[in-house]
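The values are calculated or read from the model by the stated rules, or taken from the named source; none is laboratory data. Small disclaimer: the values here were computed from a predicted structure and weren't measured. We place every Cβ from the backbone using ideal geometry, glycine too, and count neighbours over all the protein chains shown. These accessible areas exclude ligands, DNA and RNA; they are computed on the full protein's heavy atoms, side chains included. Shrake-Rupley method; radii C 1.70, N 1.55, O 1.52, S 1.80 Å.
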Amino acid sequence: MAGVAAIPVRIRLTLAFAVVMAAVLATAGLFLYVRLGAALDRTIDRNLRERSSDVRALVHRGDARLAVRGDGLAQVLDPNGSLVGGTVGLDHPLLTRAEVSRAAAAPIVVRSRSVPASDEPARLLAAPVETPRGRVVVVVGESLGERADALESLHLALLIGGPLALLLSSLAGYGLASTALRAVESMRREAESVSASEPGRRLPLPPARDEIRRLGRTLNSMLDRLEAALARERRFVSDASHELRTPLAALRTELELALRRERTPEELLDALRSAAEETERLSRLAEDLLVLARADGGQLPVRPERLAARELLADVQGRYELRTCEARRPLEIDVQDDLELSVDRLRTEQAIGNLIENSLRHGRGRIRLHARRRNGRVELHVRDEGPGFPEAFLDHAFEPFSRGDQARSGAGAGLGLAIVDVIARAHGGAAHAANLEGGADVWLELPERSPRASSTQDSSAELRRNE
């Protein structure tokens, strides 16, 4: 099998074509040979019947000698098998006594019989005839030499023409395979030169609108997706490096200032508080990056449970009550009492908490948590009364490290909405953002009954970071 796999495709196609063509030619040759033989047999039998009819008419009138006139073989035998008359040179009966006895009762055909004084076999037709002297048997025959010569000529033509036709058809098949695979080879050479250092290169497409063109178009689409994914990965790494560098630089600065000269206990305490804040920022950023990495790998754990929407939003409201009071930003709930959904409580609370954090940081006025059922799904909305999102930002609001203008960027790494989106998708839902007449609206669209539950590993320690 390994040896077969190493043979080029065009050779394998040509060999397969040659095998099939050889079988077709052999079948066609055999069919022609058999059909020609049958046609010649029918012609000989028809000639024998006509000659037998003529000779029997003569014998019936009592002219036995007339039976020997003309070409071919002819004999008249009595019921005992003795020769009464026949073709000159045929001195011995052509039939045996048993065959004469059978022919006296009904016509018989002897398919092949060696004839004395002749090198070629003959086919014989014997039939009874009533004469004034009693019943006799008329035997007529025709040489099978011409039949054998015709079949031999056909056999020779097939032996010469068959291999020649097979060779020509195999060469034609090789040419067709080479032509068809030329586009594949062109794509292979181009694919070999495609690399990350030269983005934008694509495989050449053949002019024919066939399967190979569709394959090339599919591969080019795959290259587009891979190139886009690589660009996102590079941007992600670049943005993550930038976000990690900022708190690390601040932490390093705080520590260097604290060590530069003697400090009072109060100054050291302030430096430690600042370092702890930057460390906390680093920790949150690392956890956010871990969540996004798990989501990209399809391993973000969710463990759905049946929850009342009011209970879910009330828990989030309780956690943010102190902060919203300090910010003088009322946090209200608007939800139906009978509305339920199947979600991972911790993941969903994390997502809603990220939206509240975003509203506290960038929005203004009242924050409203609203839940409703729509088209068989449950929507969890977080609305504020701020300036809203820039229109250009809405299309990529849920991409990692995406930010709006300076009025809505502020602190943060730009990962909050991205995490909201991956949590929604992990539940089989989606995240959306829109501007209202007086503020922004961001919501999760979740299934009322969760279609799946991913990993069962406990993720509570990771999820509590936004509390």
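For Arg368, work out the one condition from (1) closer than 22 Å to Asp421 by Cβ; (2) of a type outside the set (Asp, Glu); (3) open to solvent by less than 10 Å² (accessible area, probe 1.4 Å) it doesn't fulfil.
Single failed check for Arg368: (3).
Quick test of your reading of the structure: Phe398 fulfils all but one of (1) within 19 Å of Ala431 (Cα to Cα); (2) of a type outside the set (Asp, Glu); (3) touching a helix residue (DSSP H, G or I) at 6+ places or on another chain (Cβ under 7 Å); (4) in contact (Cβ under 8 Å) with a residue 40 or more places away in the chain. Name the failing condition by number.
Result: Phe398 passes all but (4).
Specify which of the listed residues (Gly161, Gly145) is within 30 Å of Ser101 (Cα to Cα) and of a type outside the set (A, V, I, L, M, F, W, C).
Only one candidate qualifies: Gly145.
Any residue at all in segment 197-205 that is surrounded by 12 or more Cβ atoms within 10 Å (Cβ to Cβ), among the charged types (D, E, K, R) and more than 30 Å from Leu40 (Cβ to Cβ)?
There is at least one residue in segment 197-205 that is surrounded by 12 or more Cβ atoms within 10 Å (Cβ to Cβ), among the charged types (D, E, K, R) and more than 30 Å from Leu40 (Cβ to Cβ).
From Ser170, Ser178, grab the single residue that is within 30 Å of Arg214 (Cα to Cα), at pLDDT 90 or above, assigned to a helix (DSSP H, G or I) and within 30 Å of the chain's Cα centre (by Cα).
Details: Ser178 fails: at pLDDT 90 or above.
After applying the criteria, what remains is Ser170.
Out of Arg49, Arg111, Arg56, which single residue is outside any loop (DSSP other than H, G, I, E, B), at pLDDT below 85 and either buried (at least 16 other Cβ atoms within 10 Å of the Cβ) or of a type in the set (Lys, Arg) (or both)?
Exactly one of Arg49, Arg111, Arg56 is outside any loop (DSSP other than H, G, I, E, B), at pLDDT below 85 and either buried (at least 16 other Cβ atoms within 10 Å of the Cβ) or of a type in the set (Lys, Arg) (or both), namely Arg111.
Condition check: open to solvent by less than 50 Å² (accessible area, probe 1.4 Å) and of a type in the set (D, E, K, R). Does Glu385 satisfy that?
No; evaluated as a whole, the condition is false for this residue.
Across segment 302-347, which residue is surrounded by the most Cβ atoms within 10 Å (Cβ to Cβ) among those that are within 44 Å of the chain's Cα centre (by Cα) and part of a loop (DSSP other than H, G, I, E, B)?
That would be Asp344.
Give me the residue from segment 74-108 that is in a loop (DSSP other than H, G, I, E, B) and aliphatic (A, V, I, L, M) and, out of that set, farthest from the chain's Cα centre (by Cα). Full working, then the answer.
Filtering segment 74-108 down to residues in a loop (DSSP other than H, G, I, E, B) leaves 78-82, 87-96, 106-107.
Imposing the further condition that a residue be aliphatic (A, V, I, L, M) reduces the set to 88, 90, 94-95, 106.
Values: Val88: 80, Leu90: 77, Leu94: 73, Leu95: 72, Ala106: 70 Å.
Ranking the qualifying residues of segment 74-108, first place goes to Val88.
Is there any pair with a first residue in segment 139-164 that is surrounded by 13 or more Cβ atoms within 10 Å (Cβ to Cβ) and a second that is at pLDDT 95 or above and of a type in the set (D, E, K, R) whose Cβ atoms are under 8 Å apart and which are 6 or more apart or on different chains, and what are they?
As it stands, the answer is none, since no pair meets every condition given.
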